[in-house]
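Below you'll find the structure, written out as structure tokens, and then a few comments.
All of the numbers you see were taken from the coordinates with simple rules; none came from a lab. Since we're looking at a predicted model, the values are computed, not measured. Here the Cβ positions follow ideal geometry from the backbone for every residue, glycine too, while neighbour counts run over all protein chains shown.
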Amino acid sequence: MAALFFIAILIVMSITALAVNRHVKHSAAGRAAALPRFYSITALLWVGVPSLALLLFCMIRGQNLLYSGGLFALGLSLAMAVFAWIRLKPVFRARQHLEKWVKLLLLLAAVLAVSITVLIVLSLAFEAWRFFGMVPLHEFLFGTQWSPQIALRADQAGSSGAFGAVPVFLGTLLITFTAMIIAAPLGLLSAIYLSEYASKRFRAVAKPALEVLAGIPTVVYGYFAAVTFAPLLRGLGENLGLDVASESALAAGLVMGVMIIPYVMSLSDDVINAVPNDLRMGARALGATPSETIRQVVLPAALPGVMGALLLAISRGIGETMIVVMAAGLAANLTINPLDSVTTVTAQIVSLLVGDQEFDSPKTLAAFGLSLVLFTATFILNFIAMVIVKKYREQYD
């Protein structure tokens with residue numbers, strides 16, 4: 001039933017748009033205030049938006065209202081078609097009117113994006129507030145024991161000391177640091193080579209090939225880390241006399257570093273290419289070699305943008321989930337040894353919210369406390385990166 005009404009409204013829209021287009025073409029004789037297509041698009045908007053919105057509302061309300069509401073929506077489309085035929089004369093400024101619709105659409109999109117972000121923050125803050133009502137904030141931020149599974153009721157939370165998130169935060173920083181040790185130098189050196197040394201033909205092939213790594217699903221990286229790389233690393237450690245856990249921070253960090261390389265490389269390459277070529281030519285005119293030009297002129301000029309790229313990459317690493325869940329484990333060990341098994345904020349959020357949960361227990365609400373900390377950390381890093389990049393662009397545009 002709804003499909004029939006939808007097709008009927010589309011037919012009315014199409015006939016109205018074609019009729020208005022032909023009417024403007026034949027009656028204006030080249031003296032219309034806008035091109036005929038602007039009148040057609042305006043007619044489509046006038047007929048389609050209110051009638052389709054009404055039909056969608058009736059579909060949401062249920063079958064009881066669908067028939068009568070669909071008839072009313074079809075009648076509304078016919079009424080708007082008559083109104084469009086009468087109103088859309090050649091003297092009507094259809095282009096300016098259509099631009100107002102576009103501005104309204106952009107405004108609604110911006111308001112929707114901001115509203116979704118605000119709702120996410122408010123939901124996290126509300127649930128986190130409930131959690132911190134059960135578990136003291138200082139215990140959560142500075143405690144060294146993380147065992148939320150032993151605190152199933154609110155009266156067990158404070159006495160057990162099971163919600164000390166320091167091991168979780170430390171594991172997150174350890175894996176992110178390991179990843180950046182790989183991603184930062186390799187990504188930056190790749191960007192320098194592609195920007196300053198590589199030929200155009202090689203750059204046209206190499207840069208897209210490296211950026212393909214960013215499109216691989218993270219679960220693939222996690223599977224590779226858990227099935228292939230972690231056992232290989234453990235066997236290598238045994239040959240060297242080292243005790244490497246089957247799920248280690250080193251395995252997760254190295255694979256995550258490979259995943260982050262394209263982000264660092266692509267962003268750094270863009271900011272290095274944005275450095276004015278006059279600076280390079282001036283350095284070469286003074287007798288500097290290509291390597292000296294890069295070290296003393298190009299990199300200092302591109303440093304704000306490179307720092308912004310590194311901060312964005314760090315925030316990407318902090319928020320990674322699948323690799324650390326599959327390769328790093330869930331053991332909340334208070335250690336800085338990358339050969340041990342550790343856990344991260346995202347891994348704990350996944351483990352706490354899997355399956356049927358009671359959202360009145362501190363065990364489940366702990367996920368929202370961790371989520372709020374993770375959101376705050378990534379927001380701060382992204383904000384700092386955006387400030388640095390904005391400053392850089394203002395200086396070299």
Report task. Using Cα centres only, tell me the gap between segment 261-332 and segment 1-67 in whole Å. Result -> 50 Å
Query raised in the report: Fewest first, what order do 386, 259 take by the number of other Cβ atoms within 10 Å?
Result: 386, 259
Query raised in the report: Against the longest principal axis of the chain, how steep is helix 362-396, in degrees 0 to 90 to the nearest 10, with axes from Cα atoms?
Result: 80 degrees
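Classify the chain as rounded, prolate or oblate from the Cα gyration tensor: take a ≥ b ≥ c as the square roots of its eigenvalues, call it rounded if a/c is under 1.5, otherwise prolate when a/b beats b/c and oblate if not. It would help to have the intermediate numbers written out before the result.
On the way: a/c = 2.71, a/b = 1.41, b/c = 1.92.
Oblate, because a/c is 1.5 or more while a/b does not exceed b/c.
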Requested in this report: Considering Cα pairs under 8 angstrom that are at least six residues apart, work out the relative contact order of the chain and quote it in whole percent.
Outcome: 18 percent
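For the residues 103, 200, 25, what sequence is obtained by ranking on other C-beta atoms within 10 Å, fewest first? Can you show the working numbers first?
Details: 103 10, 200 6, 25 15.
By the 10 Å Cβ count, ascending, the order reads 200, 103, 25.
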Query raised in the report: Can you pick out the pairs among 103/200; 103/207; 207/390; 103/390; 100/200 whose Cα atoms lie more than 32 Å from each other?
Result: 103/200; 103/207; 100/200
Query - Burial order of peptide ranges 8-14, 123-129, 342-348 (average beta-carbon count within 10 Å, highest first) - result: 342-348, 8-14, 123-129
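Once the Cα gyration tensor of segment 2-92 is found, what semi-axes does its equivalent ellipsoid get, as square roots of 5 times the eigenvalues, in whole Å, sorted largest first? Can you show the working numbers first?
Numbers: eigenvalues 181, 18, 16 Å².
The answer is 30, 10, 9 Å, longest axis first.
Within 10 Å, count the other beta carbons around each residue, average over each peptide in 185-193, 324-332, and list them highest first.
Values: 185-193: 19.3, 324-332: 25.0.
My ranking of the peptides, most packed first, is 324-332, 185-193.
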Query raised in the report: Which value, to two decimals, describes the C-alpha radius of gyration of segment 239-334 once divided by 2.2 N^0.38 Å?
Result: 1.56
